[in-house]
Amino acid sequence: MTLWSGRFSTPMARALWDLSESYSFDHILYAHDIMGSKAHVRGLESAGLLSAEECQLLLETLDQIAQEFESGAFVRAEGDEDIHMAIERRATEIAGDVGAKIHTARSRNDQVATTLRLFTRDAVAAVAQDTLELINALIEVGAQHPGAYLPGYTHLQRAQPVLLAHHLNAHAWSLLRDVERLLDARERMNISPLGAGALAGTSLPIQPQVTSDLLGFREPFANSMDAVSDRDFVAETLFDIAMVGIHLSRMGEELVLWTSAEFNFATLGDDFTTGSSMLPQKKNSDVAELARGKSGRLVGNLTGLLVTLKGLPLSYNRDLQEDKEPLFDSIKQIFLMLSAMTGAYLSMTFNEGVAQFAADDQFLVAIDVAEKLVEQGVPFRQAHEKVGRLVAEAVREGKSLGEVVATDEEFAQFAHLFAAGSALQRRTSPGASGPLAADEQSERLLAALKATSGRLG
Ligand code: ARG
């Protein structure tokens, strides 16, 4: 029997029950649902709809139910369609007629919207926290290799030398934007839907402001229909998590390249690599591949929910129950991805010699030669053309660019530019990849990190 069976003459068909029940996945919302119910009960008391004694009894009952969930003693009954009904059914078992008052002036529609906002509000903060930890790990790895550099790439072709710390900080900045986005979403979702009822409020004298304050929401809803039908906050959270996932995927792709024998820029620790069931020599960067692979699933969760929402008329529709599994899945997966990638970076050995040798490729100095000409007043396009001809000559004759420059009458004055490591030192403009610009950048990054951590609280 369900809590709404009064209107029906036959019980629900098994096939509909199986389609309809959500307890099997939404039971993880119990703590936030109970939090919402406790505020609701206190709101009912302040509206004069429950006596002080009734309110007290219900609060104790809800605490007991929370305790039962914590200890694993809570038993689902046959008609418990979802977490909300399970808790109300149990409250009524414990507190009798007083328990039967708990759903006064409330619908599952405003209840589930409230519960899910409370849950998501906590979840985005936890994802933000773990993302900050990865950012800190990236900064730490950079600091472990002061002065280390590697080629920076465009089109996956060697382009210009960059400090390792600069390279890792590039990832840190993108992850920091993700944290900011998660915190923005948290602010936007911090509106209480409780008191909207099924869709149109209630004739009873409740004050949504009271429950909103009790639950630490910024303010209560303004429009009851919007309150029960809005799942923007779930979509936004799924996007923000997918974006973290996309960043982890790009980082993962890079780790796969770096740890290949072809690049050999880095090795991951034995504790963050996997072997092959057949090939004894293999040491695979599965951690990075899984980060890359799982990001597809995060995008799928976002896409799935957006499609679910697309055709829905106001206000609550049962389709909305489909918001939960993608949300829970994305949260679970991003935690796994973030903590494994953090560990992988911290376990990484960076092969400075190999990476620096690659970055000392003399073709990477071509732009510096052109820029020297610019300093002497040659228009850049002409300088580019001249150096381009030297590059073509070097390629044609199988010589290094330094050799060609040193033996050219006009260019011999620039031979010193080819000293190993010196091109990196010349990347001095603000925000550039060389050591001179690095201090300012790392100051800015640390300041931004501090501000964002402060926002997280
Ligand atoms: N389990 C439902 C959900 O997740 C709760 C709301 C049910 N409301 C309703 N009118 N059937 O959306």
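The values are calculated or read from the model by the stated rules, or taken from the named source; none is laboratory data. Note that the structure is a prediction, hence the values are computed from the model and not measured. Don't worry about glycine lacking a Cβ; one is built from the backbone with ideal geometry, like all the others, and counts go over all protein chains shown.
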Residue list for region 263-292, restricted to those being surrounded by 14 or more Cβ atoms within 10 Å (Cβ to Cβ), in a helix (DSSP H, G or I) and of a type outside the set (A, V, I, L, M)
F272, D286, E289, R292
Pick out the one residue from D361, D323 that is more than 30 Å from A125 (Cβ to Cβ) and in contact with a Lys or Arg (Cβ under 6 Å, 6 or more places away or on another chain).
D361
Looking only at region 93-136, filter to residues that are basic (K, R) and assigned to a helix (DSSP H, G or I); which one of those is farthest from the ligand (Cβ to nearest atom)?
R121
Pair list, Cβ < 6 Å and 6+ apart or interchain, from region 210-225 residues that are at pLDDT below 95 and surrounded by fewer than 16 Cβ atoms within 10 Å (Cβ to Cβ) to residues that are aliphatic (A, V, I, L, M) and in a strand (DSSP E or B):
none
For region 2-56, enumerate the residues that are of a type outside the set (D, E, K, R), surrounded by 12 or more Cβ atoms within 10 Å (Cβ to Cβ), touching a residue at least 60 places away in the same chain (Cβ under 8 Å) and outside any helix (DSSP H, G or I).
T2, L3, S22, A47, L49
Region 302-327, subset more than 16 Å from the ligand (Cβ to nearest atom) and either in a helix (DSSP H, G or I) or not small (G, A, S) (or both), residue surrounded by the most Cβ atoms within 10 Å (Cβ to Cβ):
L302
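Let's see how each residue does on (1) in contact with a Ser or Thr (Cβ under 9 Å, 6 or more places away or on another chain); (2) crowded, with 16+ Cβ neighbours inside 10 Å; (3) of a type in the set (S, T, N, Q); (4) in a helix (DSSP H, G or I):
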{"site": "A383", "(1), (2), (3), (4)": "no, yes, no, yes"}
{"site": "A394", "(1), (2), (3), (4)": "yes, yes, no, yes"}
{"site": "Q441", "(1), (2), (3), (4)": "no, yes, yes, yes"}
{"site": "K450", "(1), (2), (3), (4)": "no, no, no, yes"}
Could you tell me which numbered condition I94 fails, if it satisfies all but one of (1) closer than 20 Å to C55 by Cβ; (2) at pLDDT below 95?
(2)
Looking only at residues in region 400-421 that are under 18 Å from P161 (Cβ atoms) and in contact (Cβ under 8 Å) with a residue 40 or more places away in the chain, which one is nearest to the chain's Cα centre (by Cα)?
G421
Is region 401-409 home to any residue that is more than 17 Å from L373 (Cβ to Cβ) and modelled with pLDDT under 95?
no
Which one of G99, G79 is under 28 Å from N317 (Cα atoms) and modelled with pLDDT under 95?
G79
Only one of A392, A383, A370 is within 22 Å of G421 (Cβ to Cβ) and at pLDDT 95 or above, namely A370
Let me spell it out: the conditions are (1) out of contact with any helix residue (DSSP H, G or I) (no Cβ under 7 Å at 6 or more places or on another chain); (2) touching a residue at least 60 places away in the same chain (Cβ under 8 Å); (3) surrounded by fewer than 17 Cβ atoms within 10 Å (Cβ to Cβ); (4) assigned to a helix (DSSP H, G or I), and Q356 meets all of them except one. Which number is the exception?
(3)
Taking only pairs six or more apart or across chains, which ones have beta-carbon atoms under 6 Å, a first residue in region 142-160 that is farther than 19 Å from S429 by Cα, and a second residue that is in a strand (DSSP E or B)?
H145/F350; R158/P151
Going through (1) buried (at least 17 other Cβ atoms within 10 Å of the Cβ); (2) in contact with a strand residue (DSSP E or B) (Cβ under 9 Å, 6 or more places away or on another chain) one by one, G421 fails only at (1)
Using beta carbons and a limit of 9 Å, which pairs, at least six apart or on different chains, have the first residue in region 111-136 and acidic (D, E) and the second one within 16 Å of the ligand (Cβ to nearest atom)?
D122/H32
